Amino acid sequence: MTSLSVAESTHSAHVDSFARDHLPPRDEWPELVFDLPDLRYPARLNCVGELLDKHVARGRGGRTALFGEHATWTYAELQRQVDRIAHVLRTDMKLVTGNRVLLRGANCPMMAACILAVLKAGLVAVPTMPLLRARELGVILDKAQVNAVLCARTLAGELEQVEGHPPVVYFDDPDHADGLEVLMARHEEAFGAVDTAADDVCLISFTSGTTGIPKGTMHFHRDVLAICDCFPPHTLGSREDDIFIGTPPLAFTFGLGGLLLFPLRVGAAGVLLEKLTPETLLAAIQRYRATVCFTAPTFYRQMTPLVPRYDLGSLQKCVSAGEALPLATRDAWKAATGIAMIDGIGATEILHIFISASGDAIRPGATGKPVPGYRACILDADGQPVGPGVIGRLAVKGPTGCRYLADERQRQYVLNGWNLTGDAYEMDGDGYFYYRSRTDDMIISAGYNIAGAEVEDVLLRHPAVAECGVVGRTDEERGQIVEAHVVLKPGIEASDELVRALQDFAKAHIAPYKYPRAVRFTDKLPRTETGKLQRFKLRES
Ligand code: 3UK
């Protein structure tokens, strides 16, 4: 039997076939399943047509789409900005379909408009984290063979240090004759969404991986809509009168989905804020009357004691993702706000959340069940499915999945059609999924398997503890010992007595062999820009 090559399978709109040519071979892709009727998209599809133009065409152009610190745009205004940027990309910058455009900016309406314009113009967006340094940008520019850059003027520094970087147009730069705002002003006419194939690549998202060389994950126009049609309607229950707010950067798919794509899909509004602290996020929820919040567990922990100072009456739903949500954090947030958090595990490779639960379906300690549209199971070391009560490797499939840009690690992430996220999980008899640890972070001490997250959850319940990270430290006698790195609450002094108190507290609440034999106090835990604890740094410290 002959099979069509990837390039022949659909009629790509891409003149520059780089992205398509660098997809992994078809037999290394995960199996894609389209279990819901809503996931059957037409063969020709430009996601921006659905997310933006459709609302304007249906007479909803006057509704607010984006709130920002310096601009608030209705759907019609956002469309006008997007169309002008698309003209600049295609006419002034002479880009052809399939070209890659690197994007660099803090969360703000203009950054959002740039991303949408790249997609609408049939180009491929490569969004990057604002904090990346020249060396890291260089790797991405090279790996994705980037053709042009749209960059916020304030973030010019690191980019300009990259030798031989592609042409850049700066935004938030209204006084500069070559700035994006001046170029945009010359284009008044509408820009029709390029007639892309549903499986044309539109986004290369680099993993926020805590170690190793970043991996570019490639996603299609239909993937962008698929994530909007799984978690938001089925778990979150998003509606057109929702106002979405939160912290993750638009360059992190958690933020791209939660703050831009999900609101646009239902005609709701997103609030995009540049520099957020626990105080400013709470103040912004109050000010914008936000209804849905997306952030990481550590941010919820930091906001919890401050909640009584703000009017959060508008807030209805709180989504936590990026790392495991300790039960202690869930309970404290519920006590402070009355809101039961929606925990959800997502991954850059899969684009967004695939296991979660909300409302009455929440089971304490579990992440939840597969989001409608996704399937999940637990595999053992040989790739065989295991039943309830056995810890193994989390395996997922759905309408989206891992396709690395030219990367050998594709074969590690995909096994027999399943995406292996690198997480150790356990299922119960009712099909709920419980996070245990990253596969390579399981602590093995004197023959016992110990999940750091469980020890962290206990320590977080102690009144002296603000933050903690638990890792395995090499030990001659036991192989590894459990070591806790603890940040104390303000005003609490570290002492040997406190070490013993924390150890006794752990022994009293979980099996005593899991208690932290070593406790180290620190001012701050090392975290990525996406809120993930960098355990390897704790182990090295
Ligand atoms: C971990 C979680 C336990 C887990 C992400 C929502 O985090 C996202 O993507 P990344 O590629 O990291 C993926 C890994 O992060 N993780 C994320 N959420 C949870 N672990 N409980 C959770 N709720 O190790 C996973 O494999 O940075 C999250 C939406 C989009 C995303 N990209």
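The values are calculated or read from the model by the stated rules, or taken from the named source; none is laboratory data. The model shown is predicted, which means the values in this text are computed figures rather than measured ones. Don't worry about glycine lacking a Cβ; one is built from the backbone with ideal geometry, like all the others, and counts go over all protein chains shown. To get the accessible areas, we keep the full protein, side chains included, count just its heavy atoms, and leave off ligands, DNA and RNA. Shrake-Rupley method; radii C 1.70, N 1.55, O 1.52, S 1.80 Å.
Among the residues of the stretch 519-538, is any more than 30 Å from the chain's Cα centre (by Cα) and either open to solvent by less than 50 Å² (accessible area, probe 1.4 Å) or among the aliphatic types (A, V, I, L, M) (or both)?
Checked against the condition, which is being more than 30 Å from the chain's Cα centre (by Cα) and either open to solvent by less than 50 Å² (accessible area, probe 1.4 Å) or among the aliphatic types (A, V, I, L, M) (or both), the stretch 519-538 yields at least one hit.
Return only the number of the condition from (1) away from the ligand (no atom under 13 Å from the Cβ); (2) at pLDDT below 95; (3) open to solvent by 20 Å² or more (accessible area, probe 1.4 Å); (4) over 27 Å from His22 (Cα atoms) that Arg438 does not satisfy.
Evaluating Arg438 over (1) away from the ligand (no atom under 13 Å from the Cβ); (2) at pLDDT below 95; (3) open to solvent by 20 Å² or more (accessible area, probe 1.4 Å); (4) over 27 Å from His22 (Cα atoms) leaves (1) as the failure.
Being part of a helix (DSSP H, G or I) and either closer than 30 Å to Thr295 by Cβ or among the β-branched types (Val, Ile, Thr) (or both) is the filter here, so list the residues in the stretch 494-537 that pass it. Give the steps one after another, and end with the answer.
We begin by selecting, within the stretch 494-537, every residue part of a helix (DSSP H, G or I); these are 496-509, 512-514, 535-537.
Answer for the stretch 494-537, where residues must be part of a helix (DSSP H, G or I) and either closer than 30 Å to Thr295 by Cβ or among the β-branched types (Val, Ile, Thr) (or both): Leu498, Val499, Leu502, Phe505, Ala506, His509, Lys514, Arg535, Phe536, Lys537.
Quick check on Glu69: is it touching a strand residue (DSSP E or B) at 6+ places or on another chain (Cβ under 7 Å) and surrounded by fewer than 18 Cβ atoms within 10 Å (Cβ to Cβ)?
Working: touching a strand residue (DSSP E or B) at 6+ places or on another chain (Cβ under 7 Å): no; surrounded by fewer than 18 Cβ atoms within 10 Å (Cβ to Cβ): yes.
So Glu69 fails the test.
Would you check which residues across the stretch 301-324 are within 12 Å of the ligand (Cβ to nearest atom) and without any contact (Cβ under 8 Å) to a residue 60 or more places away in the chain and list them?
The one that is within 12 Å of the ligand (Cβ to nearest atom) and without any contact (Cβ under 8 Å) to a residue 60 or more places away in the chain: Ser320.
Would you pick out the residues in the stretch 325-335 that are assigned to a helix (DSSP H, G or I) and in contact (Cβ under 8 Å) with a residue 60 or more places away in the chain?
Here is the first cut: in the stretch 325-335, the residues assigned to a helix (DSSP H, G or I) are 327-335.
Of everything in the stretch 325-335, those that are assigned to a helix (DSSP H, G or I) and in contact (Cβ under 8 Å) with a residue 60 or more places away in the chain turn out to be Leu327, Ala328, Thr329.
Each row is one residue, and each column tells you yes or no for (1) without any contact (Cβ under 8 Å) to a residue 24 or more places away in the chain; (2) within 13 Å of the ligand (Cβ to nearest atom).
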| residue | (1), (2) |
| --- | --- |
| Met341 | no, yes |
| Gly346 | no, yes |
| Ile350 | no, yes |
| Ser356 | no, yes |
| Asp360 | yes, no |
| Pro364 | no, no |
| Pro372 | no, no |
| Ala376 | no, yes |
| Leu379 | no, no |
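Restricting attention to the stretch 421-433, report how many residues are touching a residue at least 60 places away in the same chain (Cβ under 8 Å) and crowded, with 19+ Cβ neighbours inside 10 Å.
Of the residues in that region, 4 qualify.
Taking only pairs six or more apart or across chains, which ones have beta-carbon atoms under 9 Å, a first residue in the stretch 70-81 that is part of a loop (DSSP other than H, G, I, E, B), and a second residue that is open to solvent by 40 Å² or more (accessible area, probe 1.4 Å)?
His70/Asp172; Ala71/Glu77
Give the residues of the stretch 381-402 that are more than 14 Å from the ligand (Cβ to nearest atom), outside any strand (DSSP E or B) and open to solvent by less than 20 Å² (accessible area, probe 1.4 Å), sorted by residue number.
Scanning the stretch 381-402 gives Gly383, Pro399.
Go through the stretch 238-268 and count every residue that is within 16 Å of the ligand (Cβ to nearest atom) and without any contact (Cβ under 8 Å) to a residue 40 or more places away in the chain.
Looking only at that region, the number is 1.
Scan the stretch 441-448 and tell me whether some residue there is crowded, with 21+ Cβ neighbours inside 10 Å, part of a strand (DSSP E or B), within 15 Å of the ligand (Cβ to nearest atom) and not basic (Lys, Arg).
no
Pick out, from the stretch 138-237, the helices (runs of 4 or more DSSP H) lying fully within it that include 1 or more residues that are touching a Leu at 6+ places or on another chain (Cβ under 6 Å) and within 16 Å of the ligand (Cβ to nearest atom).
In the stretch 138-237, the matching helices (runs of 4 or more DSSP H) lie at 221-228.
So Val271 passes all but one of these: (1) buried (at least 19 other Cβ atoms within 10 Å of the Cβ); (2) within 16 Å of the ligand (Cβ to nearest atom). Which condition number does it fail?
Here Val271 meets the rest and fails (2).
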